[in-house]
Amino acid sequence: MKNVAVIGTVGIPACYGGFESLVENLTSYSSDNVKYHVFCSSKSYSEKITEYNGASLSYIPLNANGIQSIAYDIFSLIYCLFKRPDVTLILGVSGCFFLPIYRLLSSSKIVTNIDGLEWKRQKWGGLAKKFLKLSESFAVKFSDVIITDNKAIGDYVDIEYSRSNVVIAYGGDHAIIDGIDAKPTDNYFLSICRIEPENNVQMILEAFSNSHHELKFVGNWDASNFGKELKRKYSVKSNIQILDPIYDITQLYNLRSQCKGYIHGHSAGGTNPSLVEAMHFGKPIFAFDCAFNRYSTDDKALFFSSSDELCYQLISTNSEKLDIISKSMKQIAESRYTWKVIADMYESTYK
């Protein structure tokens, strides 16, 4: 039996977020040879249960995201010095500058998923980017196993640090709900993301504003001035429906299963969970043209790098090609992006 402590997430049950969904499913599909202990943010859970999916839970009185994530991860690592897990699974690099001390005082095997090159994200200022880059370098240097979620990030680690790594993506089959009767495909495209510049939200909205195609766009529009301004500008367009965040899995299932195609604008972050979830629905994927998205879709999606290019793809791609892309997306998702496969790959790193 391997005792595995998980550090760096809000916790489980998962409310929202890629890493939280990852841990939810790692614990759901864990073998009899692994026992998880998950650190959770007490700020995010009014009810503090002590066990979930067979995993034991501990609570840290800090936020798991933002500036407090650094202290949150460090306190979790200090707790592990007393708990002495066989494996410490770290998701993200926020607290990894503490790893030299942890490595010195602990015999635990350290497995770190460095996430999607967090320091490159546009939302961070110069000082934050430097700190995250330093934390990333500490994670790579002081971990026993480095996990990257996309081959493009794996190649970066090879080149930047001359360090081997294991590519493990995310599952998306949890988005499929058995027992719900499928409804006919409706006449709209769908996009779901955090409303941030790096997700090319404005590019997508501009493309649809210049086309006759309908778009339903789900996101946290009111979380920033950037989102509020886009919501104000484009919600007046008759073919664009701006939707606030939706967390209910049945509502999301209905939106995804009935759309005629999925628009994915992410330009950073590796393999994106919302993309692999959409691929399981067997819909044509229109993805922003970057190495991450090309790898995730085996280069078989439709790609765009400007609003004009996306508009052209929407207008010019015939139904036969869209059908071929749809089948390819589902085939790739079912062979590569299922949680049983992902859980087994993670467990192989604990040995």
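For the chain, take the longest principal axis of its alpha carbons; what is the angle in degrees between that and the long axis of helix 151-161, to the nearest 10 within 0 to 90?
50 degrees
Two decimals is fine: what is log10 I(q)/I(0) at q = 0.12, 0.15, 0.20 Å⁻¹ for the range 2-168, from a Debye sum with one equal scatterer on every Cα and no solvent?
Taken in order of the listed q values, log10 I(q)/I(0) reads -0.50, -0.79, -1.44.
In deg cm²/dmol and to the nearest 500, what is the mean residue ellipticity at 222 nm of the chain if only DSSP H runs of at least 4 residues count, each as -39500 (n - 2.57), divided by the residue total?
-12500 deg cm²/dmol
In Å and whole numbers, how far do the C-alpha atoms of the range 173-336 stretch along each principal axis, longest first?
40, 32, 30
Angle between the Cα long axis of helix 18-28 and the longest principal axis of the chain, 0 to 90 degrees, nearest 10?
Between helix and principal axis, roughly 60 degrees.
For the chain, give me the percentage of DSSP beta bridges that are antiparallel, rounded to the nearest 5 percent.
Counting DSSP beta bridges with both partners in the chain, the antiparallel share is about 5 percent.
Could you give the length gained by full extension between ASP155 and SER107, i.e. 0.36 nm per residue of separation minus their alpha carbon distance, to one decimal place?
Taking ASP155 through SER107 to full extension adds about 14.4 nm, to one decimal.
Could you tell me which of the pairs LYS216/LYS237; LYS48/LYS141; LYS216/LYS283 are separated by over 23 angstrom between their Cα atoms in the structure shown?
LYS48/LYS141
For THR317, THR338, THR297, what's the fewest-to-most ordering of other Cβ within 10 Å of each Cβ?
THR317, THR338, THR297
Looking at the square roots a ≥ b ≥ c of the eigenvalues of the Cα gyration tensor of the range 168-225, which shape do they give, rounded for a/c under 1.5, prolate if a/b is larger than b/c, or oblate?
Note, shape of the range 168-225 comes out oblate.
Using the Cβ atoms and a cut-off under 14 Å, what net charge is assigned to the surroundings of TYR45, where Lys and Arg are +1 and Asp and Glu are -1?
After counting each charged neighbour, the total is -2.
Take the alpha-carbon centre of the range 54-74, take the same for the range 160-230, and report the distance between them in whole Å.
27 Å
What net charge do the residues around SER108 carry, taking every other residue with its C-beta under 15 Å from that of SER108, with Lys and Arg at +1 and Asp and Glu at -1?
+4
At a Förster radius of 51 Å, what calculated FRET efficiency corresponds to the Cβ-Cβ distance of ASN33 and ASP299, to the nearest 0.05?
0.90
What is the order of CYS193, CYS311, fewest Cβ neighbours within 10 Å to most?
CYS311, CYS193
Given points 7 Å out from each Cα along the Cα-Cβ axis, report the ASP86 to THR50 separation in nanometres with one decimal.
Taking the two extended label points, one gets 2.3 nm.
To make sure I understand the rule: partners must be lysines, Cα under 16 Å from the Cα of LYS2, and not fewer than 8 residues away in the same chain. Which ones qualify?
Filter leaves LYS35, LYS83, LYS109, LYS351.
Given 0.36 nm per residue, what is the gain on full extension from ILE177 to ASP308 after removing their alpha carbon distance, in nm?
My answer for the length gained is 43.6 nm.
Using the number of other C-beta atoms within 10 angstrom as an exposure proxy, rank ILE315, ILE12 with the fewest first.
Fewest to most other Cβ atoms nearby, the residues stand as ILE315, ILE12.
With a cut-off of 12 Å, note down the residues of the range 193-214 whose backbone N falls inside the zone around a label point 7 Å from the Cα of ASN220 toward its beta carbon.
Zone members listed by number: 193-196.
Please compute the net charge surrounding GLN258, taking Lys and Arg as +1 and Asp and Glu as -1 over other residues with Cβ under 14 Å from its Cβ.
+2
Tell me, how many Å apart are the Cα centres for the range 289-331 and for the range 124-158?
Cα centroid to Cα centroid, the span is 29 Å.
Report the GluC sites (Glu not before Pro) located in the range 39-135 that are in a DSSP loop and have at most 15 other Cβ atoms inside 10 Å of their Cβ, or state none.
GLU47
Quick note: the coordinates plus some simple rules give every number you see, no bench work behind them. Treat the numbers as computed from the prediction; the structure is a model and nothing was measured. Neighbour counts are summed over all protein chains in view; Cβ atoms, including those assigned to glycine, are modelled from backbone coordinates with ideal geometry.
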